[in-house]
Every structure is written in C-alpha cells, then in structure tokens.
Amino acid sequence: MAVRSVFIPTSDHIGVRVIPVEFTWFPGMAVSQAQRSIASLHHEAAKAGLHDLLEISSKSANKVGVALSAFNLTFTTRKYNRTFSVEMAFQASKVFERGGPYKDLLEADSRTAKRDERLKTSGRLLRFVFLQQEFPLRPATYFYDWLYINALAKNRELWDAVTGAGGFTDIVFNPEKSVNCQAFSAALFASLKQAGRLEEALESTDSFLDITRSAYRLREQENSDGTLFG
C-alpha cells in the first residue's frame, strides 16, 4: 500500500485542498506499472467522493495529463523569444552557495536539466533568478507555481481540461522527498481561474504573491484528514 495526495481547487476562495489517499502500489519502472498505480489511486479516491481526477505526469494515461507535465509544458518568453519547459526554467534558475544559476541548463532537455550533478554539489539553495528577476525560497513553492501557472496560461488549449477536472494527482510526487508538485500548481491555476483572478495574478510577481499568499499559509503542514491551503 502507498499514500498519495489528491489536490482539489477551491472555488469560493483561492486555495487548494489536499487529501491523502491510500491505495495499492504496483512497483516497477515500466509506465504500465505506474498507470496501474494511478488507476488504483483514482479508484480509492472515488470511494471518498473524489471524481474526475486528472493525473499530471509523464506517466499519465491521459495525453493532456502528459502535456501538463512540467517536463513537457513549455512557454516562450516575450523579450528573448526563447522556449523552455517549466522543468528547464526551474532547474536553470537555482542559485546555490557555490554556484548558479546554471543558465546552460536552458539549452538541455528537461530530464538532463533535472539530473545535472551541479544541482547536488553546489551547496545550500539560496534563491532563484529567472530572466534577471529574483525569487525567494519562501513561500516554499512560490517560484515553481509562478512558473507553472504562467506557462499554463500561455497554453489555452489545455485550460478546459484543467478547469473541468475535479482534482489532480501526480503519482511521482512524494512529499517526504520533494516540495514542488505540478498537480498542486494545476489546482492553484484552476482555483485562480474559477475565482476570476487569473489575469490579475499574472500581472506581476508581486500581484501573484499577494493573491495566492493565503493559499500558502498551511502549505508546509500535513494533515491526515486533509488540509485546506488557503
């Protein structure tokens, strides 16, 4: 058995409800095994009243879920007319005690960027710098969410699937090993869209943080009964 979270966007205010679900885990590196685990997760979630879930990862059986993976979701910068995936931009923006940002990762593919050895050997992470703009480490997922939501905002063909989903999962995400989660980011996007505040949030980084700040108040806390972020 394993436990993964289901991320539910709230519609009455900006926030994400996170509900842990226990399910049968199917071990193995094959995509088919991951998809069996996803099916089990969604089946158990349905018993708890959580329906129409969209798995967001490269393992998803839904092609839209694959497209929404941070490895595949891309955006083009206005100033430099360069196209990056969310994953590439995120990894290339890290500033450490002994190096970074490693801008050359913007020329790599998503998997290579994530696995670059310098990200593990450059000391403590201090901040992020993207296109000459600095981002703090707190709130914990602020920069990642900002990147993901900006990228998604530029891919309107994916909006209907996101706003129409009942919630989101990411079979790979383990809160004991990582903090940022593309399923959480997608749920936050849906919450902003449903509240009619997406465009306002994307006007500037300050506006984004002001509008989403309440959604981060409990972001670093886990609650076995479900946590409402916001």
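When restricted to residues that are under 16 Å from L54 (Cα atoms) and in a helix (DSSP H, G or I), segment 1-37 contains 4.
Residues in segment 53-87 that are surrounded by 14 or more Cβ atoms within 10 Å (Cβ to Cβ), among the aromatic types (F, W, Y) and either at pLDDT below 95 or more than 12 Å from the chain's Cα centre (by Cα) (or both): F75, F84. Assess whether T163 counts as being out of contact with any Phe, Trp or Tyr (no Cβ under 8 Å at 6 or more places or on another chain), hydroxyl-bearing (S, T, Y) and either at pLDDT 95 or above or surrounded by fewer than 18 Cβ atoms within 10 Å (Cβ to Cβ) (or both). So T163 fits the description; yes.
Candidates in segment 169-192 are the residues that are among the hydroxyl-bearing types (S, T, Y) and in contact with a strand residue (DSSP E or B) (Cβ under 6 Å, 6 or more places away or on another chain); of these, the one that is farthest from I14 (Cα to Cα) is T169. For N72, are the conditions met, namely being free of Cβ contacts under 8 Å to residues at least 40 places away in the same chain, closer than 23 Å to M29 by Cβ, part of a loop (DSSP other than H, G, I, E, B) and of a type in the set (S, T, N, Q)? Yes, satisfied. Checked against the criterion of being at pLDDT 95 or above and more than 30 Å from M1 (Cα to Cα), the candidates L105, L131 yield just one match: L105.
Part of a helix (DSSP H, G or I) and without any contact (Cβ under 8 Å) to a residue 24 or more places away in the chain: does that describe D104? Spelling it out, D104 is indeed part of a helix (DSSP H, G or I) and without any contact (Cβ under 8 Å) to a residue 24 or more places away in the chain.
Among the listed residues Y216, Y142, which satisfies the condition of being modelled with pLDDT under 95 and touching a Ser or Thr at 6+ places or on another chain (Cβ under 9 Å)? Full working, then the answer.
Working: Y142 fails: modelled with pLDDT under 95.
Checking each option against the conditions leaves just Y216.
Pick from segment 107-141 the residues that are polar (S, T, N, Q) and not in a loop (DSSP other than H, G, I, E, B): which of them is nearest to R213 (Cα to Cα)? It comes out as Q133.
The values are calculated or read from the model by the stated rules, or taken from the named source; none is laboratory data. It should be emphasised that the depicted structure is a prediction, and the values quoted were computed from it without experimental measurement. Because the Cβ atoms are built from the backbone with ideal geometry, glycine has one as well, and the counts that use them run over all protein chains shown.
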